[in-house]
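Since the structure comes first, as structure tokens, the remarks are kept for the end.
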Amino acid sequence: MRRLPLSLVLAALATYAFLYVPLAVVVAYSFNDSRLNAEWVGFTLDWYRLLFQDEEMLLAARNSLLIALVSSLAATVLGTLAGLAMHRWRFPWLPFLVITPVAMPEILLGVSLLVFFIQVLHLTLGLLSVVLAHITFSIGFVAIVVRARLAGMDESLFEAARDLGATPWQTFRLVTLPLILPAVVAGGVMAFTLSIDDFVITFFTAGVGVSTLPLQIYSMIKIAVTPEVNAVSTLLMLLTLVMVLLAARLDKSFMRGGT
Amino acid sequence: MIAGFDLPDAGRILLDGQDLADTPAERRPIHTVFQSYALFPHLTVAENVAFPLRMAGRPAAEARARTAETLDLVHLRDLAGHYPHEISGGQKQRVALARGLVNRPRLLLLDEPLGALDLKLREAMQVELIRLQREVGITFVFVTHAQPEALALSHRIAVMRDGVVEQLDEPSRIYGFPKNRFVADFIGNCNLIEAAVAAVADGGLRLAAAGLGEILAPADGQSGVGDQGVLALRPEQVRIAAGGLALANRFPGTVRDFLYVGDVTTYKVELDNGRLIEALLPNQAPGRARFFEIGDRVEVGWPKEAGHYVRD
């Protein structure tokens, strides 16, 4: 193998540094035994201990997880169905309808959902409205991933299943679903991570009573970026990392027979 | 339409006298071997083969026995636990066949199944298919664009053009007695010589071909004086010599081109009326196998029993 030119190596290193140094700083300061994010004093787990005693923060975390779990599950089911529909029936406006919420500026989606929930549904803003809002913007992501997987597949697989005696439902359960499962899982994980760190849409649809992690962090940094914020950010990072690794792992085991 | 993925606008699809036109694909006693094989990538070879048995609700023990038996039939027992992406094209082909046969359908539809294989493997699979068909005794409907494959594998061939059956016959009749120009031209190589019937006599036809003169051809039992048509003459029926052919039909010409393919050489000879005729010469003599050069004056000829007259 040829040696990489030094300039290329440096450019790559600079890029990775740009991406990861800020994250590393947050992680490092979450263990710093000082109120100020200024200089390294010593190692401590105090901020984490403080975090786990912070009732508001715990409640926000619980809300975030609940919202992410429910909305990503619902979005996975609906998004998968939408992806299948887009693949099977080529209505020209169907992809447009499904994907528009993905491309729509979040602020717009947030405002319109707020108006819709209050004026049309007369819904009290709370967990339910946040979950509904998150489902709305997640469906499109799942649908795109599922549809891309379907597009790369040999159509005769489904015909073969029917031909060999499978009913449409059996074909879906025994052939279609196992084959698109990696995409379904990937879409679900994507929906989960989108939900757990969403700020703008959540901000508009949460109302006064409900807080989530991003909302809580935002309200804390209005005062100052405390080490506690660093700690909660580190945990959020860890969760995301675990999700990504999990998805990659699942994907590989399901991909063993991939086309 | 045979498999049930397309529905006919009108008419019936009969299998042993039973109309299947309204039966959905999954309930027809017909299985298909797809050109792409369509093996389920998430299932092993054995699971693929067992799929139709599972769908038919067979007990697990019976399904296992039948799967093993069918895998033996296609010599794939050793690969039962492999996934489709771990086996070769020829092996996939045999898995697809086993999967189609395991449930003993009344009919197996093979949609250009050998198209993706290389030539050697293709020929081996042709022999394999004939053996399989003989052993299981199930009707195979074999769709192909490769005419030699159709001739080699079939008991009966339906030559189709634009969805219409042009001729349904045994291979040797399709090849030797094509019903029309299309069939003659489509199956194998064929010289089509325009000619009109001048007389019917002595169990033969006297044909008049523009620029060539009289041609003697075997009677077809239906053409009469004045009919227009073509004489379908296979290249292997046409002899080629430097001169002095003792044949009923012989014409002088010039070698324009030839194609050496090993076992035989095909010559394109331009007759003096400008018509090109193909003659096939087996390369029996050892050593250098080319006898005529481009530009050589030669004589082509064929006996009066050769060829088949096709009325328009």
Matching residues in the range B:1-58 (touching a residue at least 40 places away in the same chain (Cβ under 8 Å), part of a loop (DSSP other than H, G, I, E, B), within 24 Å of A:P178 (Cβ to Cβ) and within 28 Å of the chain's Cα centre (by Cα)) number 7
Does A:R149 count as more than 8 Å from chain B (Cβ to nearest Cβ) and either closer than 21 Å to B:L107 by Cβ or without any contact (Cβ under 8 Å) to a residue 12 or more places away in the chain (or both)?
-> no
Restricting the range A:160-185 to residues that are in contact with a helix residue (DSSP H, G or I) (Cβ under 6 Å, 6 or more places away or on another chain) and more than 7 Å from chain B (Cβ to nearest Cβ), the one surrounded by the most Cβ atoms within 10 Å (Cβ to Cβ) turns out to be A:A161
Scanning the range B:81-110 residue by residue, the ones that are within 19 Å of B:L132 (Cα to Cα) and not in a helix (DSSP H, G or I) total 9
Taking A:L19, is it part of a helix (DSSP H, G or I) and either β-branched (V, I, T) or closer than 30 Å to A:P182 by Cβ (or both)?
yes
Can you confirm whether B:Q284 is among the polar types (S, T, N, Q) and in contact (Cβ under 8 Å) with a residue 60 or more places away in the chain? no
Apart from one, (1) modelled with pLDDT of 85 or more; (2) buried (at least 18 other Cβ atoms within 10 Å of the Cβ) all hold for B:R134; the odd one out is (2)
**Item:** Condition check for B:L216: among the aliphatic types (A, V, I, L, M), within 25 Å of B:F177 (Cβ to Cβ) and either surrounded by 17 or more Cβ atoms within 10 Å (Cβ to Cβ) or in contact with a helix residue (DSSP H, G or I) (Cβ under 7 Å, 6 or more places away or on another chain) (or both)
**Value:** yes
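Go over the candidates B:R311, B:R256 one by one and state the one that is within 27 Å of the chain's Cα centre (by Cα), surrounded by 12 or more Cβ atoms within 10 Å (Cβ to Cβ) and not hydroxyl-bearing (S, T, Y).
Among B:R311, B:R256, only B:R311 is within 27 Å of the chain's Cα centre (by Cα), surrounded by 12 or more Cβ atoms within 10 Å (Cβ to Cβ) and not hydroxyl-bearing (S, T, Y).
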A:I99 vs (1) in contact (Cβ under 8 Å) with a residue 24 or more places away in the chain; (2) more than 25 Å from the chain's Cα centre (by Cα): all pass except (2)
If you go through B:L231, B:L245, the only one that is outside any strand (DSSP E or B) and either buried (at least 17 other Cβ atoms within 10 Å of the Cβ) or in contact with a Leu (Cβ under 6 Å, 6 or more places away or on another chain) (or both) is B:L245
Note on B:A198: of the conditions (1) more than 19 Å from B:V269 (Cα to Cα); (2) aliphatic (A, V, I, L, M); (3) modelled with pLDDT under 85, unmet is (3)
Within the range B:29-63, restricting to residues that are in contact with a strand residue (DSSP E or B) (Cβ under 8 Å, 6 or more places away or on another chain) and more than 8 Å from every other protein chain (Cβ to nearest Cβ), the one that is nearest to B:R99 (Cα to Cα) is B:V33
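Based on this model, can you work out whether A:R49 counts as out of contact with any helix residue (DSSP H, G or I) (no Cβ under 9 Å at 6 or more places or on another chain), closer than 29 Å to A:A247 by Cβ and assigned to a helix (DSSP H, G or I)?
no
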**Study point:** A:A75 within 14 Å of another protein chain (Cβ to nearest Cβ) and either buried (at least 21 other Cβ atoms within 10 Å of the Cβ) or touching a Pro at 6+ places or on another chain (Cβ under 7 Å) (or both)
**Key:** no
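The values are calculated or read from the model by the stated rules, or taken from the named source; none is laboratory data. Predicted model, so just to flag it, every value in this text is computed and none were measured. Backbone-built Cβ (ideal geometry, glycine too); neighbour counts: all protein chains shown.
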